[in-house]
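The structure appears right after this line, and notes come after that.
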Amino acid sequence: MCTVRCPIRVEVEDNEVKWIEGNPYLLGGSLCARGGAGVALLNDCERPQSPMIRSGPRGSGKWEQVSWEKAIQYVAEKLEKIIARYGARSVVVSTRGGPWQDLFKAFTFALGSPNYTNHDSACGRNVHHASLSVYGLGRKGFDLDIRNTEHLVLFGRNILSSLGVAEVNQVMDMLDRGGRLTYVDVRQTLTGIKAHRFWLVRPGTDYALLLGIINEVLRQGAYDKEFVDRYTEGFEELAAFVEPYTAEWAARECGIRPAEIKKFVEEIATQRPRVIFHRGWMLARYRDSFYASRAIHILNVLMGNIEIPGGQIIAKGAADCGVQPPRSFTSRVKKPEEKRADGVGWKYRHFDAGVGLFHLFYEAMLTEDPYPIKALICYRHDPLTCFPDPEAQKEALERCELLVAIDTHYSEFAWWSDVILPESTYLERETPVALKKGAKPYLFLRQRAVEPRFNTRANWEIVSMLAERLGLTDFFPFRRIEEIWEWQLEPTGYRTEDFQEKGFIPLTDHPILYPRDQLEGKFKTPSGKIEFVSRKLESLDIPSFKAYQSPSRPPKGRYRLVFGRAPVHTHGHTINNPLLNELMPENTLWINQREAQKLGIEEGDLVDVIAETVKFTVKAHVTEFIHPEAVYTVHGFGREVPYQSRSYKVGLSDQKLMEGLLQHMDPVGGGLCLCEKFVTIRRSPQNPKRRVEL
Ligand SMILES: Nc1nc2c(c(=O)[nH]1)N[C@H]1C(S)=C(S)[C@@H](COP(=O)(O)OP(=O)(O)OC[C@H]3O[C@@H](n4cnc5c(=O)[nH]c(N)nc54)[C@H](O)[C@@H]3O)O[C@H]1N2
Ligand SMILES: Nc1nc2c(c(=O)[nH]1)N[C@H]1C(S)=C(S)[C@@H](COP(=O)(O)OP(=O)(O)OC[C@H]3O[C@@H](n4cnc5c(=O)[nH]c(N)nc54)[C@H](O)[C@@H]3O)O[C@H]1N2
Ligand SMILES: [Mo]
């Protein structure tokens, strides 16, 4: 239902799911609406029920239902032809990241292609790269001990709506304990109304606010001098850089009061080191988000919140628990030495080459530079919903001879592709063993709760069939899940039965913290220290600090389009779920009251939201709790798959409005600047005429 993958416990009777709840040991039984709605996904007939091969032009909706043998044969033959003509490197495989990426990454390498990628340039890439530049550890390199913190500070991290159950539980416990919450957004949210302090800022000015806070922290001496002296590099340069960015200056830029920033810093001065500035994702969507994100990481370091309860705890792996890690599929293959077609690792040396940047493959498709890309396989990933400007994407996809979607739904990409390989839902399949890193690492896997309703297969079964047909059995000789589990688990000393009791295998019973006076070597930067001045960036002539540039204001009649999530939906793929659709069938356009008044728009009126060639008409939500420069909507709607009757053409699609943004990335962070679109708003002529009271 969502890539947070909250661990669940499922009750089954006669191959029917009767009850789904959060894992009692990890979540105390809690689950969100989406988790509970898994039952409706299972029995939903509006999902692909057998493999399908396109029989008309792309997107025409003409399909032939075929057997698995025929579908695998078709995909394999096409791949072989493409590989013979253009080389294995012309195949790109993308998945939604997460613990099972190992399987598909290994499959990509086994094919002989270096081009494995994922969704992240539209999600957390800037935050990830910023984290690497400061700590040498990626975005997931820390576990946040929110439960025990004194003060949680959130920049557009709408933690109670855009949620993971474990994190929500932690926040609620923290609030119950008397912890403080500060929330910064361009609109009010479910999280903001529980916060002690809510700052409504001008869109895109978080970097200014962060610089102002750093300036004030240094001015008040409200930082951990000992920690900074011992473990960091570049403090003098940081201090010199932030000098002009005073709290007064920042407050003006963001539209809040200067005294508020000072008071905030006075407060955290007494609470540190147990103060967490959440790294989030949202700050990855403006053109200076990489530097804003660095500023957040730097503030955490100034608080000295590393390796303490209530702070940021370096994520531990199996070795920290004295256990050998489970075997990975990538250990069975050699990574091809070829250059990546997205340029990451050679043309763009400052980016993490692990997954590269998906959107840059579109450029390679169009230009054939550095070489042609002819096949794209997407597993659990819907690029046409994930990336801006689907029409621009389709132009590039036209250059591909094979598009394969491995999905549980008709994604927008599946509908456009050549072959749909339907995966069994998470309730109907097993998954390989994975390791959850963190303060308390554990091993987990998924068991099949019920047998598949339709002619669908598990991810490992699909890989097994493809590997067999393509002669890649050295890489994937497995035919049964038990064989996979046993092979993976062998070095760990654990057995499959050990998952029975709790649904996971804890590798420790207490959080593991490194001694705070022995953190040398824990940061994987070139200097081994936390780098305020990044040696890697500087060696590539990229500055560690960037002068602030005020975001442009929208021209008259236009607004900055911002977006977010609703608690009951996951991106685009739950909109058609019968239960969740009932809870939230459509999205609306939030607009500031004064602006609405100028445009003659009242609550519930239909409004036209217009980009260049794209227009949507939806209901307006008029509120004083959104910045006048912004309009807001929930992402995922405006779908165009006719087989999904509940969601077909309902609501507006933010990504379709983002015309021209497909290659608009933060050049240093690699993230796409999804919040840099201005749209025109007007009251729709479709509204009934207003009666004039005489
Ligand atoms: N305009 C705009 N763009 C955005 C965002 C936004 O808010 N606005 N959000 C961004 C963010 S943060 C992210 S993370 C990305 C998300 O982008 P994606 O990762 O592409 O999105 P999802 O909808 O999570 O999942 C993609 C596909 O996985 C399928 N799926 C779900 N469960 C399973 C399963 O068990 N097996 C298989 N095989 N498939 C499954 C779904 O049906 C869906 O088609 O989008 C980004 N892009
Ligand atoms: N229910 C639900 N939960 C989810 C997901 C889901 O699809 N559904 N997806 C998961 C995923 S993949 C992700 S990445 C996370 C995302 O988690 P978040 O990043 O917390 O969530 P979003 O809802 O995308 O965006 C948060 C907020 O950013 C605000 N914003 C826009 N511009 C600015 C700005 O200039 N400054 C500030 N401070 N705020 C701004 C928006 O108004 C919005 O309220 O959620 C995860 N959890
Ligand atoms: Mo995301």
Only one residue in 670, 604 is open to solvent by 10 Å² or more (accessible area, probe 1.4 Å), part of a loop (DSSP other than H, G, I, E, B), on the phi > 0 side of the Ramachandran plot and not acidic (Asp, Glu). Which one?
604
Within region 365-385, track down each residue that is of a type in the set (Ser, Thr, Tyr) and within 16 Å of ligand 3 (Cβ to nearest atom).
385
Here's a check for you: in region 574-599, which residue that is open to solvent by 20 Å² or more (accessible area, probe 1.4 Å) and in contact with an Asp or Glu (Cβ under 7 Å, 6 or more places away or on another chain) is farthest from residue 39 (Cα to Cα)?
593
Tell me the residue from 622, 631 that is open to solvent by 20 Å² or more (accessible area, probe 1.4 Å), in a strand (DSSP E or B), modelled with pLDDT of 95 or more and of a type in the set (A, V, I, L, M), please.
622
Only residues that are among the β-branched types (Val, Ile, Thr) and either outside the structural domain of residue 530 (by TED's automatic domain parsing) or within 19 Å of residue 548 (Cβ to Cβ) (or both): list them for region 216-260, please.
217, 242, 246, 256
Considering only residues that are closer than 29 Å to residue 185 by Cα and out of contact with any Leu (no Cβ under 6 Å at 6 or more places or on another chain), which ones fall in region 215-234?
215, 216, 218, 219, 220, 221, 222, 224
Right, residue 493: more than 16 Å from ligand 1 (Cβ to nearest atom), in the same structural domain as residue 111 (by TED's automatic domain parsing), surrounded by fewer than 21 Cβ atoms within 10 Å (Cβ to Cβ) and not charged (D, E, K, R) or not?
no
Please work out which residue is farthest from ligand 3 (Cβ to nearest atom), limiting yourself to region 408-429 and to residues that are charged (D, E, K, R) and open to solvent by less than 20 Å² (accessible area, probe 1.4 Å).
418
I need the full set of residues from region 318-334 which are part of a loop (DSSP other than H, G, I, E, B) and open to solvent by less than 10 Å² (accessible area, probe 1.4 Å), in order please.
318
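Quick one: which of 273, 244 is surrounded by fewer than 20 Cβ atoms within 10 Å (Cβ to Cβ), part of a loop (DSSP other than H, G, I, E, B) and over 25 Å from the mean Cα position of the chain (by Cα)? Lay out the reasoning, then the answer.
Numbers: 273 fails: surrounded by fewer than 20 Cβ atoms within 10 Å (Cβ to Cβ).
Within the list 273, 244, the selection yields 244.
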Among the residues of region 300-317, write down those that are in contact with a helix residue (DSSP H, G or I) (Cβ under 8 Å, 6 or more places away or on another chain) and surrounded by 21 or more Cβ atoms within 10 Å (Cβ to Cβ).
301, 302, 303, 304, 306, 310, 311, 312
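Can you list the helices (runs of 4 or more DSSP H) lying wholly within region 137-232 that have 2 or more residues being within 20 Å of the chain's Cα centre (by Cα)?
Result: 165-176.
The values are calculated or read from the model by the stated rules, or taken from the named source; none is laboratory data. Keep in mind the model is a prediction, meaning the values are calculated, not measured. We place every Cβ from the backbone using ideal geometry, glycine too, and count neighbours over all the protein chains shown. The area values use the complete protein model at the heavy-atom level, side chains included, leaving out ligands, DNA and RNA. Shrake-Rupley method; radii C 1.70, N 1.55, O 1.52, S 1.80 Å.
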